[in-house]
Structures are given as structure tokens and as C-alpha cells.
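The structure appears right after this line, and notes come after that.
Bear in mind these aren't lab numbers, they're just calculated from the coordinates by the rules spelled out. Worth saying up front: this structure is predicted, and the values here are computed from it rather than measured. Heads up, the Cβs are rebuilt from the backbone with ideal geometry, glycines too, and the neighbour counts pull from every protein chain shown.
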Amino acid sequence: MNYYPPCPQPDQVIGLNPHSDGSALTILLQLNEMDGLQIKKDGMWIPIRPLSDAFVVNVGDMLEVQTNGIYRSIEHRATVNSEKERISVAAFHSPHMGRYIGPTPSLVTPRSPALFKTVATSDFLKGYLASKIKGKSYLDVLRIKNEIHE
Ligand SMILES: O=C(O)CCC(=O)C(=O)O
Ligand SMILES: [Fe+2]
């Protein structure tokens, strides 16, 4: 659960820094229907207005790895406001510990080689938390630098 108290100078602070979630899918409830969640699209921050009785579903870094980059995790942040507190509840969904996270074999072909390393779920989560959760930076840690041969 995330609690953002009202802030007298909302332009001077950020509620939650820009990040993508480390999960495969996140189901998010904007509990008291206050604005604040924004996603980054084409380099711009777009507000996601809360809808009553609706969840937001975010693609996380694990799903970007598992789909070998076909689904992109979404970079998002939360702003604060001076009027009222804001509360959100995020449920992060990931494969079991003891499994591996990597590009799904059927999506890896000679023409679309693996873009990411395969790691144990526990190592993925440890690495994600150690990466300071800045933008989509953890995916760069897992990215395989494929050499292009002319
Ligand atoms: O408060 C929000 O709407 C976003 C929360 C979030 O991004 C998170 O918990 O990972
Ligand atoms: Fe998030």
C-alpha cells in the first residue's frame, strides 16, 4: 500500500520516483480516486485518471524479459497534491521462487535472438532491488549485447 500525504509544495517533490515494476504484472487500485499516477509515453508524462471500481494493470520488467521485448514494461511515477492524501494498493505478480525468468524459448529464433539473460526469480528480484529502481535501468543489467555482423 502506498500513502501520499497532502503536500504544501507539490511542485517541489515527487511521491514515487520514475520506475518500472520488477514484477510480471502489477494490479493497482487507486483507492481514494485522487490523481497522481502518471505513465511515460513517447517521452511525456501522461496522467492516469482513476476510474471508480477499476484496476490499473501494468506490464512489469519480468514480462518484458519473458516476451523477449515484445511487451514493454511501463515506466511510471506518482505525484502528490496539496489538497488531499492519496492511497494506492499495488499487487505485484511474479513467477514462483525457484523458477527462472528469461525469454520464452519459442520467442527466440535466429532472427530474433534472446535480448535478455535468464536468471533465477530470486536473483531477478535481488538485482531489481539492488539497481536502485531508477527508470527502466534494471532491464539494461539483463540485456544481452548482441553483436551485429555485417
Ligand atoms: O501510487 C501509485 O499509483 C503507483 C504505485 C507504484 O507504482 C508502485 O507501488 O510500484
Ligand atoms: Fe510501480
Quiz item: Which one of Arg86, Arg49, Arg111 has the biggest mean-square fluctuation once the chain is modelled by GNM with Cα springs under 10 Å?
Solution: Arg111
Quiz item: Dividing the Cα convex hull volume of the chain by residue count, how many Å³ per residue is that?
Solution: 133 Å³
Quiz prompt | Flagged links, alpha-carbon separation over 21 Å, of Lys41/Lys117; Lys41/Lys136; Lys84/Lys136; Lys117/Lys145; Lys40/Lys145; Lys41/Lys126 | solution = Lys41/Lys117; Lys84/Lys136; Lys40/Lys145; Lys41/Lys126
Quiz item: Which whole-angstrom value gives the distance between the alpha carbon centres of region 111-148 and region 48-62?
Solution: 24 Å
Quiz prompt | Relative contact order (%) - criterion: Cα under 8 Å, at least six apart; region: the chain | solution = 30 percent
Quiz item: Simple spin-label model, 7 Å along Cα-to-Cβ: Ile14 to Val108 in nm?
Solution: 3.3 nm
Quiz item: Using a simple spin-label model with points 7 Å from Cα along the Cα→Cβ vector, what separation in nm is obtained for Asp53 and Ser137?
Solution: 4.2 nm
Quiz prompt | In Hz, Karplus ³J(HN,Hα) per residue of region 87-101 (6.51, -1.76, 1.60; θ = phi - 60°; x = Gly, Pro) | solution = 10, 10, 10, 10, 10, 9, 10, 9, x, 4, 4, x, 9, 10, 10
Quiz prompt | Label-point separation in nm, Phe92 to Ala120, each point 7 Å along Cα→Cβ | solution = 1.8 nm
